[in-house]
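Peer 1: If you scroll down you'll find the structure; I have some questions about it.
The values are calculated or read from the model by the stated rules, or taken from the named source; none is laboratory data. Remember, predicted model here, so these are calculated numbers, not experimental data. Here the Cβ positions follow ideal geometry from the backbone for every residue, glycine too, while neighbour counts run over all protein chains shown.
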Amino acid sequence: MLKIKLDLKDRKILYELDINARQTYSQIAKKVKLSKQVVKYRIEQLEKEGIVKGYSTMIDTSKLGYTIFRIYLKLKNINPQKKKEFVHYLKIQKNIWAVVLTAGNWDVALGLAIKDIYQFYDSWEKILKDYLPSIKDYKVCIYSPIYHFAKAYIVGKEDSSKIRILGGKKQEQIDKIDILILRELAQNARVSLLEISKKTDKTAESISYRIKQLEKKGIIQGYRAIIDINLLGYEFYKTEFRLSRWNNFDQILTFAHLHPNIYQIDKTIGGEILEMEFHVKNLNHLLKLIEELENEFPNTIESYNYITILSEEKHIYMPED
């Protein structure tokens with residue numbers, strides 16, 4: 001894929017959108033030292049070029065009573081057209097909030113937000129009934145929690161923003177209006193208060209207050225731009241680590257947070273004990289970073305395996321049910 005060259009101002013704007021996509025043009029302009037009009041134009045160009053594909057709100061669904069499940073699938077006997085139909089089928093399932101195409105040990109990764117194990121099995125059994133002949137192998141994991149970092153490599157520095165944590169939290173009580181607000185923000189993190197107010201029959205001031213309360217409760221963990229990192233010259237890898245010790249997790253978390261190329265780490269049940277997501281220049285860059293981890297934490301990593309993330313076909317943090 002063709003790499004698009006950006007100047008430092010564009011990269012700073014991207015980084016600001018990744019830290020908080022609901023910032024106004026004026027707020028971003030002040031931070032990157034450009035006029036509001038220039039920032040607006042540059043963002044529109046980033047969207048036009050496909051570098052910014054949208055804006056997503058990071059919602060901690062555990063605070064809404066959900067558990068995050070991941071299903072990895074290895075496919076068989078499936079041609080490109082049938083695979084396309086399968087991906088579309090997965091995208092329209094209400095409990096599936098993430099559909100990711102991968103290369104390596106697995107072909108597809110799914111994220112599901114589930115109220116209980118019975119609901120999970122209902123969702124999983126539906127997939128099996130419709131597509132089991134095309135599934136060669138699968139693996140089910142439970143995530144609790146996910147630690148998400150900003151894309152600090154965009155501006156070539158350590159991540160100093162807060163860690164956004166999804167999962168493993170106590171449920172909060174919210175009403176139907178809050179749910180409607182979350183659904184709107186999940187689709188577009190930059191949606192205006194006026195647009196939300198029209199769909200909820202509440203004033204913009206009321207919507208603003210409710211959003212602040214959702215943030216205060218930790219239900220909304222942040223707002224980010226959906227960035228096509230391939231156009232920036234980066235590749236996306238997900239790595240599973242088998243560890244021989246766990247008492248240094250806090251140090252691993254700090255290391256990952258401060259490393260500009262580590263995008264996310266996950267605690268898991270059902271897979272390996274730890275997963276990491278990397279945005280790197282190429283495979284050799286990934287292997288060097290893993291070697292860096294091994295040197296930083298000796299006698300910790302027993303083994304690892306990785307998959308390449310090819311595309312995120314669906315990634316909305318709010319389930320539709």
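Peer 1: Any residue in segment 238-257 that is free of Cβ contacts under 8 Å to residues at least 40 places away in the same chain sitting within a Cβ distance under 9 Å of a residue that is not aliphatic (A, V, I, L, M) and not in a strand (DSSP E or B)? List the pairs, counting only those 6 or more apart or interchain.
Peer 2: Within 9 Å, the pairs are Trp246/Thr300.
Peer 1: Moving on. With (1) under 19 Å from Gly271 (Cα atoms); (2) outside the structural domain of His257 (by TED's automatic domain parsing); (3) at pLDDT below 90 as the list, and Lys157 as the residue in question, which single condition is left unmet?
Peer 2: In the conditions (1) under 19 Å from Gly271 (Cα atoms); (2) outside the structural domain of His257 (by TED's automatic domain parsing); (3) at pLDDT below 90, Lys157 misses (1) alone.
Peer 1: Can you report the number of residues in segment 86-115 which are closer than 13 Å to Asp321 by Cβ and without any contact (Cβ under 8 Å) to a residue 12 or more places away in the chain?
Peer 2: 1
Peer 1: State the number of residues belonging to segment 210-236 that are in a strand (DSSP E or B) and within 13 Å of Leu185 (Cβ to Cβ). Step through it out loud before you land on a result.
Peer 2: Within segment 210-236, the subset in a strand (DSSP E or B) is 220-227, 235-236.
Okay, now just the ones that are also within 13 Å of Leu185 (Cβ to Cβ), so 220-224.
Within segment 210-236, residues that are in a strand (DSSP E or B) and within 13 Å of Leu185 (Cβ to Cβ) number 5.
Peer 1: Let me ask something additional. Taking helices (runs of 4 or more DSSP H) that fall entirely within segment 6-125, which contain at least 1 residues that are modelled with pLDDT of 95 or more and in the same structural domain as Asn261 (by TED's automatic domain parsing)? Can you show your working first?
Peer 2: On the way: elements: 8-19, 25-32, 36-48, 80-91.
Ranges flagged: 80-91.
Peer 1: Taking the stated definitions as given, is Leu110 touching a Leu at 6+ places or on another chain (Cβ under 6 Å), surrounded by 12 or more Cβ atoms within 10 Å (Cβ to Cβ) and not β-branched (Val, Ile, Thr)? Please lay out each step first, then the result.
Peer 2: Working: touching a Leu at 6+ places or on another chain (Cβ under 6 Å): no; surrounded by 12 or more Cβ atoms within 10 Å (Cβ to Cβ): yes; not β-branched (Val, Ile, Thr): yes.
Here the answer is no, as Leu110 does not meet what is asked.
Peer 1: OK, next. Could you tell me whether any residue of segment 171-192 is modelled with pLDDT under 95 and either closer than 27 Å to Glu272 by Cα or surrounded by 18 or more Cβ atoms within 10 Å (Cβ to Cβ) (or both)?
Peer 2: Yes: one or more hits.
Peer 1: Next up: Taking the residues in segment 3-55 that are free of Cβ contacts under 8 Å to residues at least 40 places away in the same chain and of a type in the set (Ser, Thr, Tyr) as candidates, determine which candidate is nearest to Glu184 (Cα to Cα).
Peer 2: Ranking the candidates gives Thr24 first.
Peer 1: Filter segment 196-207 down to the residues that are surrounded by 14 or more Cβ atoms within 10 Å (Cβ to Cβ) and either of a type in the set (Val, Ile, Thr) or within 26 Å of the chain's Cα centre (by Cα) (or both) and list them by number. Walk me through it before giving the result.
Peer 2: Initial filter on segment 196-207 (surrounded by 14 or more Cβ atoms within 10 Å (Cβ to Cβ)): 196-197, 200, 202, 204, 206-207.
Correct list: Ile196, Thr200, Ile207.
Peer 1: Okay, moving on. May I ask you to say which residue of Gly167, Gly156 is touching a Phe, Trp or Tyr at 6+ places or on another chain (Cβ under 9 Å) and not hydrophobic (A, V, I, L, M, F, W, C)? Spell out the reasoning first.
Peer 2: Numbers: Gly156 fails: touching a Phe, Trp or Tyr at 6+ places or on another chain (Cβ under 9 Å).
None of the others qualify; the one that does is Gly167.
Peer 1: Any idea which of (1) farther than 18 Å from Glu296 by Cα; (2) among the polar types (S, T, N, Q); (3) assigned to a strand (DSSP E or B) is the one Thr239 doesn't satisfy?
Peer 2: Condition (1) is where Thr239 drops out.
Peer 1: While we're looking at this one, here's another question. Scan (1) surrounded by 18 or more Cβ atoms within 10 Å (Cβ to Cβ); (2) out of contact with any Pro (no Cβ under 7 Å at 6 or more places or on another chain) for the single condition Lys267 breaks and write down its number.
Peer 2: Tallying (1) surrounded by 18 or more Cβ atoms within 10 Å (Cβ to Cβ); (2) out of contact with any Pro (no Cβ under 7 Å at 6 or more places or on another chain), Lys267 fails exactly one: (2).
Conditions (1) in contact (Cβ under 8 Å) with a residue 24 or more places away in the chain; (2) buried (at least 17 other Cβ atoms within 10 Å of the Cβ); (3) touching a strand residue (DSSP E or B) at 6+ places or on another chain (Cβ under 9 Å); (4) assigned to a strand (DSSP E or B), marked per residue:
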{"position": "Glu272", "(1), (2), (3), (4)": "yes, yes, yes, no"}
{"position": "Met276", "(1), (2), (3), (4)": "yes, yes, yes, yes"}
{"position": "His279", "(1), (2), (3), (4)": "yes, yes, yes, yes"}
{"position": "His285", "(1), (2), (3), (4)": "yes, no, yes, no"}
{"position": "Asn295", "(1), (2), (3), (4)": "no, no, no, no"}
